[in-house]
Structure formats: C-alpha cells, structure tokens
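Taking it in order: structure first as structure tokens, then the write-up.
The values are calculated or read from the model by the stated rules, or taken from the named source; none is laboratory data. Because the structure is predicted, anything quoted here is derived from the model rather than measured. Cβ atoms come from the backbone with ideal geometry, glycine included; neighbour counts cover every protein chain shown. For accessibility, only protein heavy atoms count, side chains too; no ligands or nucleic acids. Shrake-Rupley method; radii C 1.70, N 1.55, O 1.52, S 1.80 Å.
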Number of protein chains: 2
Amino acid sequence: MSESINKQFFMDKQNFSHDIVALIKQQILNGELSPGDRIVETRLARELGISQTPVREAIRHLSGEGIITIVPNKGPIVKALEKRDVFEIYSLRAVIEGLAMRMATQLASDQDIAELEAFYDEMRAKLHDDTVDSLLADSLHIHQTIMRLSNHSKLMKTYESISFQISMVNRILGKESTKQKEVDQHLELIEALAARDPDQAEKTMRRHIYRSYREFIDMKEEDRWEYGEHLWFEK
Amino acid sequence: MSESINKQFFMDKQNFSHDIVALIKQQILNGELSPGDRIVETRLARELGISQTPVREAIRHLSGEGIITIVPNKGPIVKALEKRDVFEIYSLRAVIEGLAMRMATQLASDQDIAELEAFYDEMRAKLHDDTVDSLLADSLHIHQTIMRLSNHSKLMKTYESISFQISMVNRILGKESTKQKEVDQHLELIEALAARDPDQAEKTMRRHIYRSYREFIDMKEEDRWEYGEHLWFEK
DNA sequence: ACAAAGCATATTGTCAGAAAATTATATATA
DNA sequence: TATATATAATTTTCTGACAATATGCTTTGT
C-alpha cells in the first residue's frame with residue numbers, strides 16, 4: 001500500500017542501505033523519529049517495500065556512527081539525549097570548532113573572509129523582520145563555513161556527527177534566542193578571524209559556544225553540568 | 001577446514017557481528033589486515049564458518065566508525081592512512097586530550113593523581129631495561145587514564161576512534177623514541193594535573209602531543225603538514 | 001483476586017541462494 | 001601485435017525463509 005509511495009526515497013545511485021541511512025537521519029531531524037523510539041527492522045522493510053537485510057545494514061552503520069543504539073536481541077533504538085549529553089556535545093564542540101578557528105585564521109584567503117563579512121552584513125540587515133529559524137540557519141552557515149575553511153577532514157567528520165545531535169537538541173527543546181546578542185557574537189567571530197590571531201580566535205569561538213550552552217541551560221534546565229567557566233576556555 | 005579453528009573467536013555473548021567487529025579491528029592492529037586491503041565478505045564468512053550476513057553487518061558498523069571504506073558495488077577496503085591523515089589525527093588528538101586534561105584537573109580525586117604518580121615512578125624505574133613497545137604501552141596507559149578521569153563519554157568515544165588509528169600509524173611506521181624525553185614529558189603531564197590548573201594543564205597536553213607529532217615527522221617524512229606551532233597551542 | 005506457568009505472537013539473528021554488478025579471461029578482428 | 005568484443009568467474013547486493021529469543025497474554029492454581 002504505502003510501498004509505491006515510499007519508493008520515491010530511492011533515488012538510489014548506489015544502493016538501498018546508503019539511502020536508508022539518509023532517510024533515517026532525516027526522519028530523526030524531522031521528528032518523525034524521536035530519541036528513544038524503537039526501530040522495527042521488519043516493519044520498516046515492509047513499509048519501504050524491500051527486504052530486511054539492507055535495512056539492517058543501514059542500522060548497523062548508524063550504530064557505528066553512534067546515532068542508534070542496538071540492544072542485543074531486543075533491537076535498535078534512536079539514541080536518547082540526556083542532559084549530560086547536552087553538556088558533552090557543547091564542550092566537545094567548543095574544542096572542535098576552536099581548533100577550526102585556529103586553522104582558519106591561517107588558511108582562509110582574504111576573499112573567504114570578505115565573503116563571510118558580506119554574509120554577516122546581510123544577516124544583520126534582515127535581523128528584525130526575520131524568524132528565529134532563519135537566524136539559526138544563518139548561524140549554522142557561518143559555523144559550517146569556518147569548519148570548511150579549516151580544511152581538516154577529521155575535524156569536519158567529528159563536527160558533523162555532533163552537529164547532527166545539536167540539531168536534535170534544538171528541535172526537541174526549541175530555542176528562543178535573544179536575536180541581537182546572537183548576531184553580535186558572530187561578528188566577534190569574524191573579526192577574530194580577520195585579525196588572523198590563532199590564540200584569540202580559538203578563545204573567541206570557545207567563549208561563543210560556552211555562552212550558547214549557558215543560554216540553553218538557563219532557559220531549560222534546573223540542574224546543570226557546568227563545573228565553572230574554567231572548564232571551557234582560558235580565564 | 002579452518003572453520004573449527006576460527007570458531008574459537010566467538011565467545012559470542014551477544015551475536016556474531018559484534019565479535020566480528022572486534023576481530024577485524026584486532027586483525028588490523030596485528031597487521032594481518034593492512035590499510036588499503038580489500039575485505040571479501042564471502043571469503044571471510046567461509047573462513048569463519050558462518051554465513052555472509054553477520055559479516056556484512058560488522059563491516060557496515062565499521063564503515064560507520066570510519067575505519068572501513070565501502071565502495072558501492074566494489075566492496076569494503078581498510079581505510080588507508082595518508083600523510084595528511086597523520087597530521088589530522090595528531091591535531092585532533094591535541095584538542096581532545098587537551099579538554100580531557102582540563103576536566104581531569106577538576107574531577108580527579110587526590111587518590112587518582114597519587115596512583116598516576118606511582119605508576120609514573122614505576123615507569124621511570126624500569127626505563128633502562130625495558131623495551132620501546134613496553135614504554136609505548138605505559139604511555140598509552142597514562143593517556144587512557146587521563147581520558148577516563150575526564151568522565152566525558154563523547155570525548156572518550158572520539159578518542160577511541162582516533163586512538164585506533166594512532167596505533168595503526170605506530171605499527172605501520174614503527175617508532176624509536178628517545179625514551180628519556182618521552183618519559184620526562186609524562187612527568188610534566190602529571191605535575192600539571194596535580195597543580196589543578198586547567199589552562200596550564202591543557203596547554204601542557206597540547207604541547208606534548210605536538211612534540212610527538214614533530215618527532216614523528218622528523219623521523220619519517222620529508223614534506224610536512226605543519227603550518228607552524230601556533231596552530232597547536234597558545235604561544 | 002492474584003501470582004506463576006505456559007502458550008502465542010512479534011522481532012531479532014542467521015542462513016542459503018538468486019539477481020545484479022564488477023572484474024578477469026579468452027576469443028575474434030583490424 | 002594491439003584493440004575491441006564476448007564469455008566466464010568472482011563478488012556484491014538483495015531476497016525469502018527459518019531458527020532463536022524476547023514480549024505479551026491467557027490460563028491455571030491457590
């Protein structure tokens with residue numbers, strides 16, 4: 001019944017499991033699959049109109065990525081995010097992106113930086129008549145650009161796996177940022193980049209991410225995993 | 001023929017693929033499987049005396065971890081390590097372990113530190129009549145202990161996946177370190193930990209790893225991915 | 001009414017083999 | 001000889017069926 005409908009997902013340049021990996025990720029970000037949800041291999045296979053094996057392969061791949069947990073003889077579940085995870089995600093992100101900044105100060109061309117500045121100006125211009133979602137997207141774009149400028153593939157891979165979970169956090173808990181502050185912080189980032197001072201750039205990025213984390217927990221949580229600022233950046 | 005022999009690998013508390021993941025990793029570290037080698041699912045399954053499916057699952061999991069690359073319709077190969085990879089591994093490791101140090105200064109108990117100091121004394125005592133392999137193992141133990149003290153699961157997971165590749169690097173290219181220097185550096189680490197100064201601790205760790213990297217490329221390579229010290233730590 | 005035991009169902013784990021794709025080998029043609 | 005074409009062999013990919021295990025429900029005994 002729903003077989004023919006879902007077959008559209010298979011643009012299938014490569015193989016089934018490859019597309020199923022993408023499909024499941026997308027469903028998690030959409031909210032069709034929530035953390036803690038069980039994934040039933042047979043059911044998913046039936047819905048997609050294919051057999052069990054490629055579904056299993058996709059799930060095994062995702063378990064390797066750490067997005068899905070497989071309980072032996074019980075089955076796969078979408079990894080749930082605890083409060084502790086949020087702390088870990090942000091703190092890891094801080095050092096990952098910190099190093100990216102450091103490298104970007106050395107590797108970015110003048111044009112790269114000019115483009116970032118232009119993008120920022122646009123972002124600031126439409127600040128007041130724009131949605132929070134759009135702001136988040138723009139923010140994400142800046143961070144991704146910096147990651148790309150670092151030209152460090154393992155850094156990017158690690159970032160992607162975290163970034164996915166960040167998106168999960170944002171989608172689950174929503175986010176109302178004070179737009180002005182958010183925008184200002186990104187100016188700091190770009191200025192630090194333009195100054196081409198690695199030490200300062202790294203510190204700025206770490207502080208930026210620490211502030212995001214603080215904002216997040218101040219809004220949503222009572223108990224926090226914090227251990228104080230000195231766990232995040234220098235003085 | 002070799003079926004019954006290899007069956008011993010399956011202590012099999014959970015399921016086949018779980019053990020095959022461990023088996024393949026072990027074979028890579030042993031050198032039975034080298035980077036760039038192809039893995040033929042049917043052959044491996046036949047050798048182990050089981051069917052193809054669990055082998056495939058294990059390989060899919062490993063591809064998720066990034067240890068194996070799957071070329072669609074061609075098959076899995078053990079990911080090869082380029083020179084560039086070595087740079088990326090060390091630099092990523094520097095920030096990962098840097099953060100671990102930072103956290104360890106806050107989370108380690110006095111006893112934890114005392115144990116590390118005791119271990120170090122032992123290590124130094126047997127310095128002269130010990131092999132390089134044994135020294136490397138001791139060094140690894142210290143690093144792993146610090147990771148554990150950080151009590152940061154995502155950090156540890158990232159570290160593990162790098163650590164695996166570090167071991168690959170070491171086994172492929174060998175390593176004759178100047179033992180004395182190597183040992184001294186670890187003293188610095190433990191002292192920084194004992195001082196419980198997060199900033200200093202992080203910097204010490206980063207410098208330590210940077211030095212390892214330098215030692216490595218000075219020994220083996222001509223061309224280097226370096227970009228200067230300021231990419232690694234503050235001044 | 002409640003708990004334990006046994007049965008039924010659902011789901012995972014494994015298998016053997018067909019279908020599709022790739023690679024290697026051999027044959028034919030210029 | 002060299003190049004292209006056809007054929008064979010290998011390997012991946014996928015399927016459908018079955019066994020092993022866990023879960024939920026009913027029955028039974030007290």
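Here are the numbers for this structure:
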| quantity | calculated |
| --- | --- |
| Subset tally (residues that are in contact with a Lys or Arg (Cβ under 9 Å, 6 or more places away or on another chain), facing chain A (nearest Cβ under 10 Å) and among the β-branched types (Val, Ile, Thr)) for the stretch B:78-97 | 2 |
| Yes/no for B:Ile113 being more than 14 Å from DNA strand D (Cβ to nearest atom), farther than 29 Å from A:Arg60 by Cβ and in contact (Cβ under 8 Å) with a residue 40 or more places away in the chain | yes |
| Condition check for B:Ile162: part of a helix (DSSP H, G or I), modelled with pLDDT of 85 or more and more than 13 Å from chain A (Cβ to nearest Cβ) | no |
| Single unsatisfied condition, B:Ser91 versus (1) among the hydroxyl-bearing types (Ser, Thr, Tyr); (2) touching a residue at least 12 places away in the same chain (Cβ under 8 Å); (3) more than 17 Å from B:Asn170 (Cα to Cα) | (3) |
| Failed criterion for B:Ala100 (all others in (1) facing chain A (nearest Cβ under 9 Å); (2) in contact with a helix residue (DSSP H, G or I) (Cβ under 6 Å, 6 or more places away or on another chain) hold) | (1) |
| Residue within the stretch B:149-156 that is touching a helix residue (DSSP H, G or I) at 6+ places or on another chain (Cβ under 6 Å) and more than 14 Å from every other protein chain (Cβ to nearest Cβ) present | no |
| Subset of the stretch A:21-65 [away from DNA strand D (no atom under 14 Å from the Cβ), in contact (Cβ under 8 Å) with a residue 12 or more places away in the chain, under 19 Å from B:Thr53 (Cβ atoms) and within 12 Å of chain B (Cβ to nearest Cβ)] | A:Leu62, A:Ser63 |
| Residue ID - farthest from the chain's Cα centre (by Cα), chosen from residues in the stretch B:66-77 that are touching a residue at least 24 places away in the same chain (Cβ under 8 Å) and at the interface with chain A (Cβ under 10 Å from one of its Cβ atoms) | B:Ile68 |
| Flag if B:Ala45 is more than 16 Å from DNA strand C (Cβ to nearest atom) and in contact with a helix residue (DSSP H, G or I) (Cβ under 8 Å, 6 or more places away or on another chain) | no |
| Residue in the stretch B:111-131 that is over 27 Å from B:Asp19 (Cα atoms) and within 9 Å of chain A (Cβ to nearest Cβ) present | no |
| Residue identified as within 14 Å of another protein chain (Cβ to nearest Cβ), out of contact with any His (no Cβ under 6 Å at 6 or more places or on another chain), open to solvent by 70 Å² or more (accessible area, probe 1.4 Å) and modelled with pLDDT of 90 or more among B:Arg196, B:Arg207 | B:Arg196 |
